[in-house]
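Everything on this sheet refers to the single structure shown next.
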Protein chains: 2
Amino acid sequence: MTESDVLAAVLDRVDHDLDASLDRLFALLRIQSVSTDPAYASYCREAADHVAADLRSLGFDTSVRATDGHPVVVGKSGKNGQNGDANGKAPRVLFYGHYDVQPVDPLDLWRTPPFEPRIETLDGGRKIIVARGACDDKGQAMTFVEACRAFKAVTGRLPLDITMLIEGEEECGSKNLFGFVRDNAAELRRDLALVCDTGMWDAQTPSITTSLRGLVYEEVRLSCADRDLHSGLFGGAARNPIHVLADVLSAMHKPDGSVAIPGFYEGVHELPPDIKADLAGLQLTPEKFLGPIGLKIPAGEQGRMLIEQVSTRPTAEVNGIIGGYTGEGAKTVIPGKAMAKVSFRLVGAQDPEKIRKNFREFVQARLPEDCHVEFGNFTSAPAFDVAFDNPALTKARAALAEEWGKKAVTVGAGGSIPIVGDFKTVLGMDTLMVGFALDDDRVHSPNEKYDLKCFHKGIRSWARILAALAS
Amino acid sequence: MTESDVLAAVLDRVDHDLDASLDRLFALLRIQSVSTDPAYASYCREAADHVAADLRSLGFDTSVRATDGHPVVVGKSGKNGQNGDANGKAPRVLFYGHYDVQPVDPLDLWRTPPFEPRIETLDGGRKIIVARGACDDKGQAMTFVEACRAFKAVTGRLPLDITMLIEGEEECGSKNLFGFVRDNAAELRRDLALVCDTGMWDAQTPSITTSLRGLVYEEVRLSCADRDLHSGLFGGAARNPIHVLADVLSAMHKPDGSVAIPGFYEGVHELPPDIKADLAGLQLTPEKFLGPIGLKIPAGEQGRMLIEQVSTRPTAEVNGIIGGYTGEGAKTVIPGKAMAKVSFRLVGAQDPEKIRKNFREFVQARLPEDCHVEFGNFTSAPAFDVAFDNPALTKARAALAEEWGKKAVTVGAGGSIPIVGDFKTVLGMDTLMVGFALDDDRVHSPNEKYDLKCFHKGIRSWARILAALAS
């Protein structure tokens, strides 16, 4: 068979096996693997065992690995399992997903029990899978597993050297996964990571998340007088740390919305024109994005598209501020101290430690005499991005376009997914984040759903991507 | 006897009667009239009765008047009591003081029991009266009462038409006095009020407090998005109310420390040159005033003396601010709301309601779209000041200068004494605040004291002032 014959057969198999795929997904959805609540620990273990057994049936060398929390499932196809590697260049991939789900409360808002999955047909014939985890992440992860299964059924093997990493604590912060990845770096270090935990741009447009913004988080504690003062006695002479803080925070942005901290934009690159044109084509309007939260006007850098402001541009935000009297009524105090929490979302090659240093100098330079600052340092993570000319990305985009009949967009996610950062920094791998969630999937909320079409075409999409990567 | 013969005889009487004056003060100091603690209510009643009996012995028509709290003592000399009024122009005066005292805790820091008054001789021979209330306000109020007694002893009458108003809730906010003054305006409305509850400039320099700053207190509540947002998702596009608040508060002052709100300085008058020279002569240094609270540099209007900044110039202060996440650690939130409390100290003829209106317009003008403000209005009181050419002030300054051998300074107090504002607004009277407290009197603290010299010369000072007002 030629490569394209193989793919055609695999896709055909996916289509014909869809009911069985759904049965397998439903079996997983029935397991109440809520990770945050210790009462559900045995269900989490059951879900891990269930996933492990399934992977084993596909030929993965699978183990359920203990952690200080819920276990991690690792499955390795190894070289032997793969469908040959014609030119010896196919990447070895690590697929990451999670078998745990969010709690279900408030339970009374569910129209049917959350762990009794069902297919519902909406007006117009649209079919949806309804259950906790239908999308996040059981449904999404199973699109990848089912694609593997179809390959195995058609060719007797997996198309690539694939390592599966399915954890059980994503919904409570992946706190044991970071150490696990570090401790098992040798076996988890592959050429490329794949994640299915993100969304489509819209129901017609596939999307690959190619960047995640980094983060620097600082606490700024100002102190002036060594005690709180009466504003009648001292007002007009004593330095007020809230005033100083307001001055500093106000100076942090220029009138055009850009960040005024020296050197802040070092390492921030302009998008390639074609990518920028793609983003413009998405027409992310303020009505669509800000309307639902009661806002109208993008508040970021002027001259930047809204979609750039939230994904490919860096930001400075004050996340919290407190000082003086904040209770009911009036108290005429000049406080001795005031505090703010300030964070920066980073992109491109911005250096977190340089940003931190420049910010601290920026604050120091604005302190009058009689005002002392202490800084608290919480988090720092560089931005993550896949080069736009990464060959795997190019192949995956083409594969998605073929499946959906529409160009696949590459988008940046505004927030961080820390484990993806670790894949880069600890394991030296890029990650392609391909997912089929829709905005209305009610992830983390009652009546979570996953479109049947997303599940079906998700499997087909992965089949195409795996074939493309193998070729 | 000529007027000066009378005064000489009265002063002589004061000197010879000092031991008896002290005995009478000690008797009052022994009464545990702590007003904040309901357990001491009977002592407060006892103190009121004690004061009333003493006033009655001087010929005052005295009553102990019930309130919802501790009683108020009112004593009226009436025209009959007074020592003639040669030119018919002597002012009728209202003397205000309070018989209640602060709680004594922490009791273990007192070197001797707080309600067992005693004379202590310090190194160098300086004698002090030690007890709770020795200064505030039993000792101070008794300087006036003893001056009246000396007149009565020498001339058989009081030198003026005097009404006494001695309350028992000053240390817990005078909350029943405001209504009492309003309800009894007719009998309390005199030509001039006298208060003995303030301090000397220093141990050598007598002082009259001729102005109190007014107050406008506002709460500014900003809201942007209708909920708290994740800064990864929305950072860069959603308006952050803390940023808006910082911008507004930062714009409130100019770089020279003056207040930037339009019209803010309307009604603020320059001091007469001689008064300004007097203030300059006081040499209030940053070391002296700011040093004890850990500061060095006056933070107010540049080009103004420190003493002006804290007493005769208006201010704008942020008394509190809060928004977003202020707990331990990091949370990447863009809050929907942020709040600040802002107050203004007013002087001269500044109009509180105009200031409030101008401030609100100042805030409104700085709000970007997508940011909504609500204001909360707490307090407003105009500034109080006695005209520098007020004849009673001139007489009192001269009398103090004669007693102390040093020019009496007129100072402004930075804070408000609300009842003095009411004397002006409700009763239409100016108030002369003359007191003999020293900075080291430990008022409100353990081991409160009053210098014997301050008590003695305080009585003599009032004798001279009363004589001067009567002439």
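Among A:Ala27, A:Ala39, A:Ala48, which is among the hydrophobic types (A, V, I, L, M, F, W, C) and surrounded by 18 or more Cβ atoms within 10 Å (Cβ to Cβ)?
After ruling out the rest, the residue left standing is A:Ala48.
Per-residue answers, yes or no, for (1) touching a residue at least 24 places away in the same chain (Cβ under 8 Å); (2) more than 20 Å from A:Phe344 (Cα to Cα):
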| site | (1), (2) |
| --- | --- |
| A:Asn176 | yes, yes |
| A:Ala193 | yes, yes |
| A:Thr205 | yes, yes |
| A:Ser223 | yes, yes |
| A:Phe234 | yes, yes |
| A:Leu245 | yes, no |
| A:Ser250 | no, no |
| A:His253 | yes, no |
| A:Phe264 | yes, no |
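If the condition is being touching a Leu at 6+ places or on another chain (Cβ under 8 Å) and of a type in the set (D, E, K, R), then the stretch A:344-373 contributes A:Arg345, A:Asp370. Residues in the stretch B:285-300 include none that are more than 7 Å from chain A (Cβ to nearest Cβ), crowded, with 21+ Cβ neighbours inside 10 Å and in a helix (DSSP H, G or I). Set side by side, the residues A:Leu177, A:Leu158 differ, and just one is under 22 Å from the mean Cα position of the chain (by Cα) and closer than 19 Å to A:Ser63 by Cβ, which is A:Leu177.
The sole residue among B:Leu11, B:Leu28 that is part of a helix (DSSP H, G or I), more than 21 Å from B:Leu469 (Cβ to Cβ), modelled with pLDDT of 95 or more and in contact with a Lys or Arg (Cβ under 6 Å, 6 or more places away or on another chain) is B:Leu28. Residues in the stretch A:312-320: is at least one more than 7 Å from chain B (Cβ to nearest Cβ), of a type in the set (Gly, Ala, Ser) and either surrounded by fewer than 21 Cβ atoms within 10 Å (Cβ to Cβ) or assigned to a helix (DSSP H, G or I) (or both)? No; the residues of the stretch A:312-320 include none that is more than 7 Å from chain B (Cβ to nearest Cβ), of a type in the set (Gly, Ala, Ser) and either surrounded by fewer than 21 Cβ atoms within 10 Å (Cβ to Cβ) or assigned to a helix (DSSP H, G or I) (or both). Taken together, the criteria place A:Gly327 among residues that are more than 7 Å from chain B (Cβ to nearest Cβ), more than 29 Å from A:Asn358 (Cα to Cα) and either of a type in the set (Gly, Ala, Ser) or touching a strand residue (DSSP E or B) at 6+ places or on another chain (Cβ under 8 Å) (or both).
Please give the helices (runs of 4 or more DSSP H) falling wholly within the stretch B:341-449 in which 1 or more residues are over 17 Å from the mean Cα position of the chain (by Cα) and away from chain A (no Cβ under 14 Å). Please lay out each step first, then the result.
On the way: elements: B:352-365, B:391-404, B:418-425.
In the stretch B:341-449, B:352-365, B:391-404 are the helices (runs of 4 or more DSSP H) which contain 1 or more residues that are over 17 Å from the mean Cα position of the chain (by Cα) and away from chain A (no Cβ under 14 Å).
Just one of the listed residues (B:Val310, B:Val318) is modelled with pLDDT under 95 and β-branched (Val, Ile, Thr), namely B:Val310. When residues in the stretch B:451-466 are screened for being among the aliphatic types (A, V, I, L, M) and surrounded by fewer than 23 Cβ atoms within 10 Å (Cβ to Cβ), 1 of them pass. If the condition is being of a type in the set (Lys, Arg) and either free of Cβ contacts under 8 Å to residues at least 60 places away in the same chain or buried (at least 24 other Cβ atoms within 10 Å of the Cβ) (or both), then the stretch B:125-141 contributes B:Arg132, B:Lys138. Per this entry, B:Arg45 is not counted among residues that are closer than 14 Å to B:Ala141 by Cβ, modelled with pLDDT of 95 or more and charged (D, E, K, R).
Go through the residues of the stretch B:82-90 one by one and say whether even a single one is modelled with pLDDT of 95 or more and not charged (D, E, K, R). Lay out the reasoning, then the answer.
Narrowing the stretch B:82-90 to residues modelled with pLDDT of 95 or more: none.
No, the stretch B:82-90 has no match at all.
The values are calculated or read from the model by the stated rules, or taken from the named source; none is laboratory data. Here the structure is a predicted model, which means the values were calculated and not measured. Virtual Cβ from ideal backbone geometry, glycine too; neighbours counted across all protein chains shown.
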